[in-house]
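The structure appears right after this line, and notes come after that.
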Amino acid sequence: MKFSLTIATVLVASIATTALAATYTYGTDDAGPQHWGDLSPLWARCKTGLQQSPIDLGAEPSVTFVTQPIQHRYAVLTNATVGFNGHAVQVDWTQPADPSAASWIEVGGKRYTLVQFHFHSPSEHRVDNHFTDGEMHLVHRADDGTLAAIGLFLELKVANNPWFSWITALDNAVDQLPPGSDPTQTKLPLTSVDLPALATAAQNFSNRWTYTGSLTTPPCTESVAWSMVKEPISLGLEQFDALVDLEGFNSRYIQDRPGK
Ligand SMILES: [Zn+2]
């Protein structure tokens, strides 16, 4: 973990200046996943929630398997940036002034606008106790603030997937920072993120497990409409190495549901 010293330095600095801002890790330390619910009153759901994510999709009676595409309008993003936010590699962008030009999905008759996507390694969700090398989360928000997430399993292949070329570029950029630099300050502009091509590669999100869960990171907000797509997307070996080099292990453990 080449960033550990840098992150520790940043954490000490941020705790000193903003005493109320909690932070979390994926380790076995006091800020690890077992303790997220104790780190801030705003994160209590991580401990007390009854519909927490991720789950084993093959083992939960509350999960439904659906074989219809998700209604969506995904547009090519022309003003996005990719960076490492301290926990995950994430792509952000400014929403278009015209709401109809935004990317959206419709789930349960409700429209949700795509607001960001990010990565976990290895996958957080499992199927009959099997996990994959990574998981991509597309996070959508409705006008009333409720969330819908699409999860794509990432599967390691020797050949790189051109769609993810900027993961390697981000890792290279961070590697060139002077020692002691904060890796979260590096943002690469992305002038064309072809979301329609991603949706096509994911067969328009057909063949998916759906259930109501939560964000898998603090504040662990619930009532998230999850769609986990069955067919994985390929991620090249070099791209996977770059992803792990940037974010390390960032996968929350499987959550027990009521009645289990
Ligand atoms: Zn996520």
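None of the figures in this text is laboratory data; all of them are computed from the coordinates on show. Just so it is clear, the structure is predicted and the values come from calculations on it, not from any experiment. Positions of Cβ are generated from backbone atoms using ideal geometry, with glycine treated the same way; all protein chains shown enter the neighbour counts.
Full extension of the chain between Asp194 and Asn85 yields a length gain of 37.0 nm, computed as 0.36 nm times the residue separation minus the alpha carbon distance. Take the range 4-247, drop everything but the C-alpha atoms, weight them equally and run the Debye formula without solvent; then report log10 I(q)/I(0) at 0.08 Å⁻¹ to two decimals. Debye curve over Cα of the range 4-247, log10 I(q)/I(0) at q = 0.08 Å⁻¹: -0.31.
Derived from the Cα gyration tensor, the three semi-axes of the equivalent ellipsoid of the range 117-205 are 25, 18, 16 Å, largest first. Given their separation in residues at 0.36 nm each and the Cα-Cα distance between them, Asp98 and Ser62 gain 9.2 nm when the chain is fully extended.
Where Lys and Arg each count +1 and Asp and Glu each count -1, what net charge lies around Val91 among other residues with Cβ under 14 Å from its Cβ? Its environment carries a net charge of -2. Shape summary of the range 80-166, radius of gyration then Dmax from alpha carbon positions: 14.6, 43 Å.
Partners of Lys157 within straight-line reach, counting aspartates and glutamates whose Cα lies under 12 Å from its Cα and excluding those fewer than 8 residues away in the same chain: Asp133, Glu238, Asp241. Of all aspartates and glutamates in the structure, those lying under 14 Å Cα to Cα from Lys110, and not within fewer than 8 positions of it along the same chain, are Asp143, Asp144.
May I ask for the percentage of alpha-carbon pairs in the range 78-125 that lie more than 18 Å from each other? Distances greater than 18 Å cover 45 percent of the Cα pairs.
Take the Cα of His130, step 7 Å toward its Cβ, do the same at Asp144, and the gap between the two points is 3.7 nm. Positive-end ranking of Pro179, His87, Ile254 along the dipole of the chain, with charges on Cβ about the Cα centre, is headed by Ile254. Simple point charges give the picture: +1 on the Cβ of Lys and Arg, -1 on the Cβ of Asp and Glu, and for the chain a dipole about the Cα centre of about 540 debye.
What ratio of Cα Rg to 2.2 N^0.38 Å holds for the range 178-260?
Here the answer is 1.43, to two decimals.
Fully extending the segment from Ser165 to Ser206, taken as 0.36 nm per residue of separation minus the present Cα-Cα distance, adds 12.2 nm.
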